[in-house]
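The values are calculated or read from the model by the stated rules, or taken from the named source; none is laboratory data. Keep in mind that what you see is a predicted model, and the values were worked out from it rather than measured. Here the Cβ positions follow ideal geometry from the backbone for every residue, glycine too, while neighbour counts run over all protein chains shown. Just so you know, the surface numbers come from the protein's heavy atoms only, side chains and all, with ligands and any DNA or RNA stripped out. Shrake-Rupley method; radii C 1.70, N 1.55, O 1.52, S 1.80 Å.
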Amino acid sequence: MDNTLTADFGNISEENIKNNFVLIYELLDEILDFDYPQNSETGALKTFITQQGIKSQHQTKEEQSQITSQVTGQTGWRCEGIKYRRNELFLDVLESVNLLMSPQGQVLSAHVSGRVVMKSYLSGMPECKFGMNDKIVIEKQGKGTADETGKSGKQSIAIDDCTFHQCVRLSKFDSERSISFIPPDGEFELMRYRTTKDIILPFHVIPLVREVGRTKLEVKVVIKSNFKPSLLAQKIEVRIPTPLNTSGVQVICMKGNAKYKASENAIVWKIKRMAGMKESQISAEIELLPTNDKKKWARPPISMNVEVPFASSGLKVRYLKIFEPKLNYSDHDVI
Amino acid sequence: MLNLISAVAAAGGAAAVGPPETHCKTGTKMTDSKYFTTTKKGEIFELKAELNSDKKEKKKEAVKKVIASMTVGKDVSALFPDVVNCMQTDNLELKKLVYLYLMNYAKSQPDMAIMAVNTFVKDCEDPNPLIRALAVRTMGCIRVDKITEYLCEPLRKCLKDEDPYVRKTAAVCVAKLHDINAQLVEDQGFLDTLKDLISDSNPMVVANAVAALSEIAESHPSSNLLDLNPQSINKLLTALNECTEWGQIFILDCLANYMPKDDREAQSICERVTPRLSHANSAVVLSAVKVLMKFMEMLSKDLDYYGTLLKKLAPPLVTLLSAEPELQYVALRNINLIVQKRPEILKHEMKVFFVKYNDPIYVKLEKLDIMIRLASQANIAQVLAELKEYATEVDVDFVRKAVRAIGRCAIKVEQSAERCVSTLLDLIQTKVNYVVQEAIVVIKDIFRKYPNKYESVIATLCENLDSLDEPEARAAMIWIVGEYAERIDNADELLESFLEGFHDESTQVQLQLLTAIVKLFLKKPTETQELVQQVLSLATQDSDNPDLRDRGYIYWRLLSTDPVAAKEVVLAEKPLISEETDLIEPTLLDELICYIGTLASVYHKPPSAFVEGSRGVVHKSLPPRTGSSESAESPDAAPAGVQPSEQPAVIPTQGDLLGDLLNLDLGPPVSGPPIAASSVQMGAVDLLGGGLDSLMGGTGFAAPSTVVPANLGAPLGSGLGDLFDLTGGVGTLSGSYVAPKSVWLPAMKAKGLEISGTFSRQVGSISMDLLLTNKALQVMSDFAIQFNRNSFGLAPAAPLQVHTPLAPNQSVEISLPLNTVGSVMKMDPLNNLQVAVKNNIDVFYFSTLYPLHILFVEDGKMERQMFLATWKDIPNENEAQFQIKECPLSADAVSNKLQGSNIFTIAKRNVEGQDMLYQSLKLTNGIWVLAELRIQPGNSSFTDLELSLKCRAPEVSQHIYQAYETILKN
């Protein structure tokens, strides 16, 4: 719902709702009929909307009937006749690693939840096939060629569960484990997945917190990159939460720059680029206001955002069969 | 007149148009917000003028302004005719706006709305399918009776429209129409058309048709509108793959209502539904889970597929937890249900329910709940470590629940109890007030579960006595002190300290303190006599709480009459507490499983409990109808005897009445002014004292903490016998003699279910009157009964109906009608009946003997001649003679009494000062029994009877004699 509105007129605010109330009426009219949700696909809804600013040209008769058949048909998310000069398809793998570490640096539990986001600008009604190094798929295919099984055995990963965008033919996935779909136009989330086994951690974060007296706190955080030296991680952002009663922070860091953001109650440390097998450190002294609040500071977890040219879960896109695919990898993780 | 005004208005409007007009023009950004800004007084007139303007643009602007005013709640219904005039336009945008207006105001102006009908009908034939659909949709939303009549024709056309978009809109429109006027829909045959649409080629049409039919079927539970058969299911399954996510939900919900014929079919449906589990829309996933959970019931557990399905269900459920917190909560509530039904699905997924730092509190609490349900020996160590961590968190509610969870784990997983206790002790050492209190409450439960095992911790608990300020914790602590009084050296001091502020405590604490001190007294009588007297007088004289007073009196009475009995009662062995707490009762759980993915599963309440909309009303309207007819019938039926099954209920209610009376007896003296001389009150209690003692002894005095005198109703069974003496006299009128209920199935043998019962015959029908008592700590439900083959083919004529689940300590009276058309097998003894009773816990077997007189039929009176002939005809070796000594009745009374039980006197003679009665009776299977009864006057008022029985089946004679004896002696 949110998405739909945002797609049609930008952000949601009181102002915007006032500005577009007619449009909203119209949208709601199409989305729900007698409380039954009918359609919530942004692309398809756009074709209905007659308000100015979106689309107001007179539609021919063919177009009208085309709209209706598209909406009710099997591929309600895509209409025919889309043309692009350049056919492009972008694929992003976004992963978030949830990790619990013991103070000794041992990983207690970790799981990756990832998303594959696609931006498609393709002409016509392309049929795409998407393959990844899912263990089950590879084992199935491996039955045919024995030597391939040996090779891919190491690389394949076990995905615990995945969910797909409605354009993916689920029954086909269930029977053949192949992901085939006709992508909607524009950006969409193709799939989400979850794994718990064999997670490669791109970074090790070692925090040290020392309370000096009642009004001072010393924090030291070391991050170690844990991948091949030839690879580069980009746009590293580490957020170190601070207590609510922080009055001032002094930060010294070896690399990148760090700032205390009072509004977010956190120290944000940014590093542009970092090669594999390196180490970096930040230390901060946090001045606290004395409070009579007896509650201890709950020590929220440190989170970090990073782009690395591989996926922590080991997920790899094996193939994507369409015209001129252009693959683009990026990867975020949050610890 | 109207014209005139509008003309004036137009003129006035034109004059005033200036400012807003310029405003419009300056607002070049072309946003709609400007429509909200006009708040002038004469705006209605202005708008009227604009609506009637020739320029299309201006018209559109005006309608937008109208809608804007409508949105903020201004009444613009006065403009109705003008807006409707704008309807005839080929501009789709304008049309949509006008329709929007119509939906809002048609109801307030039904006459005017008729004006619009023409345009609707015309629009329904528009070449543009969008307009056709729009017209049908809007018409359905106008809830005016007059319009609905006109709606039928266009709707019929649209249901057969070539364009799927129109068809799917029309399908929903049928549901709308049904909501307004159900009869009309049926008369017009729309339902059949709708059924045809289920086989439509377009998946979305199918989905909407299914949705509409489901909605309609819900208001007609009896009609099988959605007549699902394997073929139509197949079609739905095909459509499932192709339609939109919402359509998939409709279809899945509909599938969930289908009952597959056998497990094969269930399996094949499951196979086709499982792919939906990996859909991105969580509602689709939950609906699919619902279907699978339902059909899993039908699959046998040994099936390979069952295991696969279990494995497949787990990952999607876990994935639901990675969504937004709100969705997580919904998922967790549903998972909570699923875990209760089938814990095996998620038994390996404990880790995902571990609470995350940034979870909102409602998610945390729900996760905790599920963790406990999933706790087992395998994962207990992990769970405990987590729980201990949680107990040190900052949020008070969460910490409390975590501590409680530790206790529940201890009770659930025996092996972990020790570790749990030590964890709790660690927590008590933290001295955080609420943690300590919570810990003490759960330790009490642990003591109950594992008596005499962890008493070593009592010392630590006592140290924290002073910090307790919550009633529950105080009560728990007092219980512990009382229970283990002999091991605590200064128990009397501890309890005395509580006693000081006795009247300021809550009832819970007061009751507990009373019991604890009595326990202490029984254990250490010498030192604590003063204390116990103090508490008893506090409870009985100075308190105005009836519960407390009653309990005080009972203890007082017990202690003063028989201290040994008191000891047995008060210090009796306590029943073990059950492992699972907070379980949803099984019937409700099953119902809720059917509602997975709806609000009902989030509330954990059936929809009827919270829906008050149209559906709720429909549901509610059904029960009263049946209910009222019953209540209307029963008063007529009972006296007339038309409805024999009602009749037996009379006797049990007398039992209840007696219970009430007893309670009443107890009530008045006790509830008298508390200042009144206590000796008088004690006297009143004395009257009942003896009975009470035996009663309390009889029930075994459940846990002292739970016994409240209000329970007295239950053990009255023994006393009921007396009452039936009274009814014996009445018996001649209301039917044959009914023996008092005896216990057939003791609770010991049936996991807490106690069944006592008797047989009765009332106006031609036999019934088995049962009293089911739940003596377990668990709710019982799903009762069913079955008889083994028996000599006279006795069989239940109706299923055993226990409408509400039986809560612990509750009992229910049921009269089960019987017939004699069951299969026959000769039993030994002849009147032996083997019964199997099933409930949600297990199946139990018992056997009982039924008195033969329930089988004596009403037309058992033989003609005189016939009697003589038959008597001679039956060989003499078939004659059996019996003696009935000391019957307190005269010949006529005997004859009358026997007649009540369908033993008919054909002739009476006086031979040598002795009365001779010749009698006949007939059994349900057609066997005639002839009797000669010689009444000899015995000593004083008693008579001795000599009974000769002749029958073609001599083996029944013995039992007939027993029947005679029971009837005459009672």
What total accessible area, in Å², is buried where chains A and B meet, using a 1.4 Å probe and rounding to the nearest 100? 5100
Would you tell me the accessible area of B:Phe882, worked out with a 1.4 angstrom probe on the heavy atoms of the protein chains, in Å² to the nearest 10? 30
Per residue, what accessible area does region B:385-531 have, given a 1.4 Å probe and all protein chains present, in Å²? 40
Counting heavy atoms of the protein chains only and a 1.4 Å probe, report the per residue accessible area for region B:797-945 as a whole number of Å². 50
For region B:742-850, which whole percent of the accessible surface, found with a 1.4 angstrom probe, sits on carbon and sulfur atoms? 52
Could you pull the accessible area for B:Met112 with a 1.4 Å probe, rounded to 10 Å²? 60
Going through A:Lys172/B:Lys290; B:Lys195/B:Lys261; B:Lys261/B:Lys826; B:Lys55/B:Lys168 one by one, the pairs whose alpha carbons sit over 26 Å apart turn out to be B:Lys261/B:Lys826; B:Lys55/B:Lys168
Can you give the average number of partner chain beta-carbon atoms within 10 Å of each beta-carbon in peptide B:271-282, as a whole number? 5
Heavy-atom accessible area, 1.4 Å probe, ligands and nucleic acids excluded: residues of region B:173-216 down by at least 50 Å² from chain alone: B:Met204
Give me the accessible area of B:His348, 1.4 Å probe, in Å² rounded to the nearest 10. 150
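How much net charge surrounds B:Phe521 when only the other residues with a Cβ under 13 Å from the Cβ of B:Phe521 are counted, with Lys and Arg +1 and Asp and Glu -1?
That sum, taken over residues with Cβ under 13 Å, equals -1.
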Cross-link table B:Lys341/B:Lys367; A:Lys216/A:Lys255; B:Lys74/B:Lys122, entries beyond 19 Å C-alpha to C-alpha: A:Lys216/A:Lys255; B:Lys74/B:Lys122
Sort B:Thr515, B:Thr598, B:Thr905, B:Thr526 by heavy-atom solvent-accessible area, probe 1.4 angstrom, most to least. B:Thr526, B:Thr598, B:Thr905, B:Thr515
With a 1.4 Å probe on protein heavy atoms only, tell me which residues of region B:119-143 lose at least 20 Å² of accessible surface in the complex relative to the chain by itself. B:Pro127, B:Asn128, B:Pro129, B:Leu130, B:Arg137
List the equivalent ellipsoid semi-axes of region A:209-289 in whole Å, largest first, each obtained as the square root of 5λ for an eigenvalue λ of the Cα gyration tensor. 27, 13, 8
If you take every residue apart from B:Val399 with its C-beta less than 10 Å away from the C-beta of B:Val399, what net charge results, scoring Lys and Arg +1 and Asp and Glu -1? -1
How many nm separate the modelled label positions at B:Val394 and B:Phe942, each set 7 Å beyond the Cα in the direction of the Cβ? 8.7
Can you run phi through the Karplus equation (6.51, -1.76, 1.60; θ = phi - 60°) for region B:418-425 and list ³J(HN,Hα) in whole Hz, with x for Gly and Pro? 4, 5, 4, 4, 5, 4, 4, 5
Sort B:Met768, B:Met115 by accessible area with a 1.4 Å probe, largest first. B:Met115, B:Met768
As an exercise, use a Förster radius of 60 Å and the Cβ-Cβ distance of A:Leu289 and B:Gln88 to find the FRET efficiency, rounded to the nearest 0.05. 0.25
If B:Arg909, A:Arg239 are ordered by their accessible area, calculated over protein heavy atoms with a 1.4 Å probe, which sequence runs from highest to lowest? B:Arg909, A:Arg239
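Please state the shape class of region B:470-561: rounded when a/c is under 1.5, otherwise prolate if a/b exceeds b/c and oblate if not, all from the C-alpha gyration tensor.
The shape class here is oblate.
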Using Cα-only point scatterers and the Debye equation, what is log10 of I(q)/I(0) for region B:742-850 at each q in 0.14, 0.15, 0.20 Å⁻¹, rounded to two decimals? -0.53, -0.60, -1.04
In region B:870-970, lysine pairs closer than 19 Å at Cα, eight or more apart or cross-chain: 10
